[in-house]
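Written below as structure tokens is the structure these notes are about.
Nothing in this text is a laboratory measurement; each read-out follows from the coordinates by a stated rule. Owing to the predicted nature of the structure, the values given are computational and were not obtained by experimental measurement. Heads up, the Cβs are rebuilt from the backbone with ideal geometry, glycines too, and the neighbour counts pull from every protein chain shown.
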Amino acid sequence: MTAASALPGAGNTLVVAGRHLTWSELSGGRGETEAGNLADPPPVAAHLVADNCGAVVAVAAHLRGGAETLLATAARVDEAMAAELRRDGFALVRPGGTVPPTVTRPPEPGRLWLLTSGSTGRPKRVAHSLASLTTVTGKQPARRWLCPYSPGAYAWWQVITLSLAHPGQDIVFLEPGDLDDWPDVALAEGVSAVSGTPTFWRQALWRAGPTVAALPLAQLTLGGEPVDQAILDRLGELFPRARISWIYASSEAGATIAVHDGRAGFPVGWLDRDVPGRARLRVADGELLIESPWGASGMTGLIRTGDQVEIVGDRVHIVGRQATDEINVGGSKASAAAVRAVLLDHPDVAWAAVRGRRAPLVGQVVVADVVLRAPVGEAALTRWCAQRLPDYAVPRRVRVLDSIPIKETLKSDV
Amino acid sequence: MSLLTRNDIRGLMAEVVAAQGKRLPDDDGALLRDIGFRSLDFSELALRVEDDIGHELNFDAPGLRQIASVGDVLEFLDSLQRM
């Protein structure tokens, strides 16, 4: 493994929990107490972190000697998954201490594991390495990036690897609780580049437009959701001299499409072309297929993305998802099946249907119809869900029906 | 359907907050940050307003704004429903 101090970005500054330190200093041990003693990390480690502080310490440990690393927020890993990880040879490194694996095995050197939302809502492991996550090449202008992403997410790793691989790429980390106040944080820290979902940008303009407009931004990046022309135009008006980019990326295919021309979608001319070092893009039956040089391990050939596309004029637009139970709430993916299961676990719920409903700012929110066995209020059901689901997956409207709706097919409408 | 009064919107906002076991302060100057009223909560409130007035709110209206307090939210939604 390579120590952080030997990497091109060793001198880049990280601002985490209000403290300023470099990759090199971090690698030297500063800040390690946040996530326990990582001077000698387990050879196969699942770092289940509470915040970015723990996450960057885990990165430094991986660089220094952790041969095989999974990094995720602790909230994403329930007890069943924790037990599964231990059976698969992972020691669980948590802020409170390390739990050894139940089965030991040799590490796969350099392997980095990401957790991504599976089709059933249960996170699944995707295999990467620092090399496959480092997708930005060539000389980069100096930037001070705001990183609002959840530690361990693909987009989070994109910012991390950019900073490790290129000098002049500082990172200001944002904790989830500070998300609504990011423009103030960015202004105070002199942030010049921000990456977020279209929803993230819409929320910021809605809540703190004048502060956003005052930011000295040279680079604005959007990803994680389809981008619409309205938000691109709005940002273009506010930052006429900045580069505005839309990135299409997934944990499986990697970052494969980068559009910088201020127009929604990507050029039709990019379909079915072979350019060394670039992804091959194809549309089949209205679905985007990608063969990617940045894909996860084992993802060879054309990957079915599940994203529906529409060709309008000279552009290819991503318009939604193929048949799936995924509800995209501002870039966070809720599983309708998982939400439904939680509702059905309630002793007074006889039946439930869950879907996404178009909503301002976040694109969609989760809503539910229920049939009850005994009276229970909407607020009580919401609290039940809030205790068992991440906030973006909690139904924001619950409608009580008198009876279970039956379609003409005699199937219930779920 | 008819437009909502500012008090009606305040009542809906109180419902959103109450579902989280919290109480909406009487003071319009109370800060959203202090109440823990986040963007998802605002989206839910907007849906409740849409359900009551019977049409979608248009959020694409131009203009920069700073929404930091309960009063800012009430004023913004009140103006949106009239557009």
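For the ranges A:304-315, A:160-171, what's the packing order if you count other beta-carbon atoms within 10 Å of each residue, average per peptide, and put the highest first?
Values: A:304-315: 15.5, A:160-171: 21.9.
Going from most to least packed, we get A:160-171, A:304-315.
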Report summary line: Here Rg/Rh (Cα, Kirkwood) for region A:326-401 equals 0.95
Query raised in the report: When you look at the Cβ of every residue in A:180-191, what mean number of other chain Cβ atoms sits within 10 Å?
Result: 1
Requested in this report: Using the Cα centre as the reference, give the magnitude of the dipole from point charges on the C-beta atoms of the protein assembly as shown (Lys, Arg: +1; Asp, Glu: -1; all else neutral), rounded to the nearest 20 debye.
Outcome: 980 debye
Query raised in the report: Number of Lys-Lys pairs in the protein assembly as shown under 28 Å by Cα, sequence gap 8 or more or different chains?
Result: 4
Report summary line: Of A:Lys333, A:Lys139, A:Lys124, the most mobile residue in a GNM of chain A (C-alpha springs, cutoff 10 Å) is A:Lys139
**Report entry** HN-Hα J in Hz across region A:371-386 - Karplus 6.51, -1.76, 1.60, θ = phi - 60°, x for Gly and Pro
**Finding:** 10, 9, 8, 9, x, 8, x, 4, 5, 5, 5, 4, 5, 4, 5, 4
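Shielding of B:47-56 by partners, i.e. mean partner chain Cβ atoms within 10 Å per residue?
Across the residues of B:47-56, the mean count of other-chain Cβ atoms within 10 Å is 2.
Can you tell me the relative contact order of region B:9-76? Whole percent, Cα pairs under 8 Å, sequence separation 6 or more.
The value is 42 percent.
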Requested in this report: Work from the charge dipole of chain A (Cβ charges, +1 for Lys and Arg, -1 for Asp and Glu, about the Cα centre) and give the residue of A:Thr22, A:Ser332, A:Ala188 farthest towards its positive end.
Outcome: A:Ser332
Report task. Could you go through region A:293-307 in sequence order and give the Karplus-derived ³J(HN,Hα) for each residue, using 6.51 cos²θ - 1.76 cosθ + 1.60 with θ = phi - 60°, rounded to whole Hz, and x for Gly and Pro? Result -> x, 10, x, 5, 4, x, 8, 9, x, 6, 9, 7, 7, x, 8
Query raised in the report: So, in nm, how far is label A:Ala284 from label A:Ala17 when the simple model puts each one 7 Å beyond its Cα toward the Cβ?
Result: 4.8 nm
Query - Average partner coverage of B:10-22, which counts Cβ from other chains inside 10 Å - result: 2
Query - Cα-centred dipole magnitude for region B:6-81, charges only on beta-carbon of K, R (+1) and D, E (-1), debye, nearest 20 - result: 280 debye
